[in-house]
Amino acid sequence: MTVRLPAGLDAFTGFTDGDDRTVEVAGGDLRSVVAAVEAALPGVAGHLVDGRGALRPHLLCLADGTATRDVDAPVGDEVRFLTAVSGG
Amino acid sequence: MTTIAIGTEKGGFLVDPADGSVSDPLFGGWKVTAFGQSGDQYLAAVGSNWFGPGIHRSTDLDSWTAIDAPPTYGDDPEAKDPEEGDAREVTAIWTFHRDDGWLWAGVEQAGLFRSGDDGRTWESMPGFNDHRTRGDWHPGLGGLCSHRVLTYGDRVYVAASAVGVFRSDDGGATFDLVNDGIPVAGMPPEEVQERPETGYCVHRLEGHPDDPDRLYRQDHMGVFVSDDGGSSWHRRQAGLPAEMGFGFMMAREGSTGRLFTQPLHSDGQRLPVDGDFRIYRSDDDGESWAVSGTGWPEAATHTQVLRGAFDADGDGRVVAGTTAGTVWLTEDAGDTWRQLPGTFPRIGAVALW
């Protein structure tokens, strides 16, 4: 499972230009994927989900290419977080 | 050497006032909402519509590290129905305050947290965060935010908009609202049948280093002073040109005790009176106010200083950042002012380091 993180989080992930900004984790649904991202990159999950675990409102999440906001939906090979135009 | 830290809508910057040099952007694209110091750590609070709030720390102002766990309400147990959106969320960190025991943080949505390890981990302060009046707390234009914390031993003050000033005498375990003498924002006095307990739009609270009972307050409704720890407030705005005494900043320079504010035309306009960008100064503890010194622009300058966008030290320096992205500095307690080189995004936070 590959998670692709947005460049806007570089100050928290430690990625820089030139990196592909991915992290390989295990997880069957978005909630467990976010938890696994936190284990791999401490401090990052709180910028993807709010205190209740819901996807932050101006983030887009593509699970295997399909937009979702359901943290309990099953996911397959790739989860991608993108910054929505509405947030900027 | 003094470094001026500037927090803007799109990143932070460090300016050396001696030569005007400006650092590369810190946290480019992130809103920098507050600065602080604790132990050997410099602190910068950041926020983003996409990613929420965070805190970075540095010991050398060069290398910054994000903490793993900024203040959070977690999965809010007080929420009546999280799906209806009434759960509390920490959306921004508005202020830091360091005392002998703790590093404190005031946050939006209004809350109080403290840290015993220089900002690495945080604990919620339920005496404030679960206050019995919380259901009556409502945001001002700037949001529902705790924007100021002052402490004197077990005496703790928290200023929250648009709620009011809170005082604790037991180290933050319990809080009382202390706003007697402050008009209710937006309500003509003759129409106020019974004073509400909350709804006071404090813009900035300043303290006296040697007197825990002495407070200075730039409120939505004017400039006020208290001699009794906020139990009563008295208007002190003679000489200010602002309608009602409207403004956002209130600073006290340590070596002289001079007070500083920036009057704005009115709550409706929020512009300098007649385009005259001027910071005003009081040399007599708020009894009277006049334009602070010289150096001000002659051209119309329609900008303002927000509540967190200034700082004062105990060595004559007062710095103010504006919504136009300019920075003004005095190094002689307000006798002369100069604009520093550089133009930045809208400035919301400033620190003298």
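Read the figures in this text as sums done on the coordinates, not as results from a lab. Keep in mind it's a predicted model, so treat the numbers as computed, not measured. In this analysis, Cβ positions are derived from the backbone assuming ideal geometry, glycine residues included, and neighbour counts consider all displayed protein chains.
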* Asked: For B:51-62, what's the mean count of beta carbons from other chains sitting within 10 Å of each residue's beta carbon?
  -> 3
* When the Kirkwood hydrodynamic radius is evaluated over all pairs of different C-alpha atoms of chain A, what value in angstrom, to one decimal, is obtained? -> 12.8
* Asked: Could you give the longest part of chain B that holds none of the GluC sites (Glu not before Pro) found in DSSP loops with at most 10 neighbouring Cβ atoms within 10 Å?
  -> B:1-193
* Reciprocal mean inverse distance between Cα atoms of chain B - Kirkwood radius, Å -> 20.3
* Asked: At what distance in angstrom do the alpha carbon centres of the range B:1-43 and the range A:19-88 lie from each other?
  -> 30
* Structure fact -> Kirkwood Rh over alpha-carbon pairs of the range B:94-205 plugged into Stokes-Einstein at 37 °C, 0.692 mPa s gives a D in µm²/s of 231
* Structure fact -> Magnitude of the Cβ-charge dipole (Lys and Arg +1, Asp and Glu -1) of the protein assembly as shown about the Cα centre, nearest 20 debye, reported as 700
* Centroid-to-centroid separation of the range B:207-232 and the range B:146-174 [C-alpha atoms, Å] -> 12
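Under a Cβ-Cβ cut-off of 10 Å, what is the net charge of the residues other than B:Gly293 that fall near it, where Lys and Arg count +1 and Asp and Glu count -1?
Every neighbour counted, the sum reads 0.
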* Between the range B:300-340 and the range B:184-199, the alpha-carbon center distance in angstrom -> 34
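For the range B:198-353, with only Lys/Arg (+1) and Asp/Glu (-1) charged at the beta-carbon, what is the dipole magnitude about the Cα centre, in debye rounded to 20? Each step should come with its number before you reach the end.
Details: 14 positive and 23 negative charges, 125 e Å.
With only Lys, Arg, Asp and Glu charged at Cβ, the dipole is about 600 debye.
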* Asked: With the dipole of the range B:273-343 worked out from charges on the C-beta (+1 for Lys and Arg, -1 for Asp and Glu) around the Cα centre, which of B:Trp296, B:Gly334, B:Gly321 lies farthest toward the positive end?
  -> B:Gly321
* Net charge contributed by nearby residues that have their C-beta within less than 15 Å of B:Asp62 (K/R +1, D/E -1) -> -3
* Asked: Tally Lys/Arg at +1 and Asp/Glu at -1 over every other residue whose Cβ is under 12 Å from the Cβ of B:Gly257; what's the total?
  -> -3
* **Relative contact order of the range B:98-188, pairs being alpha-carbon contacts under 8 Å that are 6 or more residues apart, as %** => 21
* Loop only per DSSP, at most 15 neighbouring Cβ atoms within 10 Å: give me the chymotrypsin sites (Phe, Trp or Tyr not before Pro) in the range B:147-239, ordered by residue number. => none
* To do: Kindly write out, for the range B:274-287 in residue order, the coupling ³J(HN,Hα) from the Karplus curve 6.51 cos²θ - 1.76 cosθ + 1.60 (θ = phi - 60°), rounded to whole Hz, with x marking Gly and Pro.
  => 6, x, 8, 6, 9, 8, 9, 10, 10, 9, 10, 6, x, 4
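Given charges of +1 on the Cβ of Lys and Arg and -1 on the Cβ of Asp and Glu, with all other atoms neutral, how large is the dipole of chain B about its Cα centre, in debye to the nearest 20?
The calculation lands at about 700 debye.
Just check the range B:141-289 against the gyration tensor rule for me: Cα atoms, a ≥ b ≥ c as the square roots of the eigenvalues, rounded for a/c under 1.5, and otherwise prolate or oblate depending on whether a/b exceeds b/c.
oblate
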